[in-house]
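Below is one structure, written out as structure tokens, with a few remarks after it.
The values are calculated or read from the model by the stated rules, or taken from the named source; none is laboratory data. This structure is a prediction, so every number in the text was calculated from the model and none was measured. Please note: Cβ atoms are built from the backbone with ideal geometry, for glycine as well, and neighbour counts cover all protein chains shown.
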Amino acid sequence: MSSDSPQAAQEPDASGDAGPPPSLLALFTAFAKMSLAGFGGVLVFARHAIVDQHRWMTAEEFNETFALCHFLPGPNIVNLSMVFGSRLRGIAGGVAAFAGLLGPPTLIMTALAMLYAHFGELEPLRRGLAGVSCAAVGLLIAVVVRMMMPLLKSRDAIALVLMLGVLAAIGVMRWPLQTVLLVAIPLSIAVTFALRRKVAA
């Protein structure tokens, strides 16, 4: 297969850089598809589209970008659309990704909200929503496992210890999220800088 084929253009090169950035229409369409497919959450479909399907980011780059979006105000996936779109196509790219992510679902949810206002008390509908919630949890667990794979493959023991520490503090000890982050973020940054300086030396 020649190097200028469409498939080759989408493959990251040896340095990890992706091919040409997508057009504004491609960004809008991709995020619109993510949002329309995102039953139970868009993160699963966003990672699949960005990393596996279009190869606009590596798995490590996606994890780093999503980690940044966790510490910005607002919903994580909305932050991701703006940061990702802006990274590839500037402010216009951020707006295109943002519009694709929120535009179609907003129209659909407005119509469904009107229907739910009239039929929301029906027992079959309540049971159906309970089943959907179970599927949503399964999707979330699946994407968390996939996002952990780069850490496991790199065998970065420090990163794994920090991750497990945050999980234990929030999920087991039930400590306040803000308190855990105020400790975990500076600690993880300090450890990363120290390790990189040691390697450079």
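With the checklist (1) at pLDDT 55 or above; (2) surrounded by 15 or more Cβ atoms within 10 Å (Cβ to Cβ); (3) not acidic (Asp, Glu) in hand, flag the one item Gln10 doesn't pass.
Checking Gln10 against (1) at pLDDT 55 or above; (2) surrounded by 15 or more Cβ atoms within 10 Å (Cβ to Cβ); (3) not acidic (Asp, Glu), the one that fails is (1).
I'd like to check something: does region 47-60 contain any residue that is under 23 Å from Ile141 (Cβ atoms) and among the aromatic types (Phe, Trp, Tyr)? Write out each step before concluding.
Initial filter on region 47-60 (under 23 Å from Ile141 (Cβ atoms)): 47-53, 57-60.
Now restrict to residues that are among the aromatic types (Phe, Trp, Tyr): none.
Checked against the condition, which is being under 23 Å from Ile141 (Cβ atoms) and among the aromatic types (Phe, Trp, Tyr), region 47-60 yields no hits at all.
What do you reckon, is Val51 under 16 Å from Met149 (Cα atoms), part of a helix (DSSP H, G or I), β-branched (Val, Ile, Thr) and outside the structural domain of Leu181 (by TED's automatic domain parsing)? Before the answer, list the steps.
On the way: under 16 Å from Met149 (Cα atoms): yes; part of a helix (DSSP H, G or I): yes; β-branched (Val, Ile, Thr): yes; outside the structural domain of Leu181 (by TED's automatic domain parsing): yes.
When the stated conditions are applied, Val51 passes them.
When region 43-83 is examined, which residues are found to be surrounded by 15 or more Cβ atoms within 10 Å (Cβ to Cβ), over 8 Å from the mean Cα position of the chain (by Cα) and closer than 28 Å to Leu129 by Cα?
The answer is Phe45, His48, Ala49, Val78, Asn79, Ser81.
Run Arg197 past the list (1) outside the structural domain of Asn63 (by TED's automatic domain parsing); (2) surrounded by 13 or more Cβ atoms within 10 Å (Cβ to Cβ); (3) of a type in the set (D, E, K, R) and report the number of the one that doesn't hold.
(2)
Being in a helix (DSSP H, G or I), outside the structural domain of Phe71 (by TED's automatic domain parsing) and of a type in the set (A, V, I, L, M, F, W, C) narrows it down to one of Leu187, Leu151, so name that one.
On the way: Leu151 fails: outside the structural domain of Phe71 (by TED's automatic domain parsing).
Answer to the selection: Leu187.
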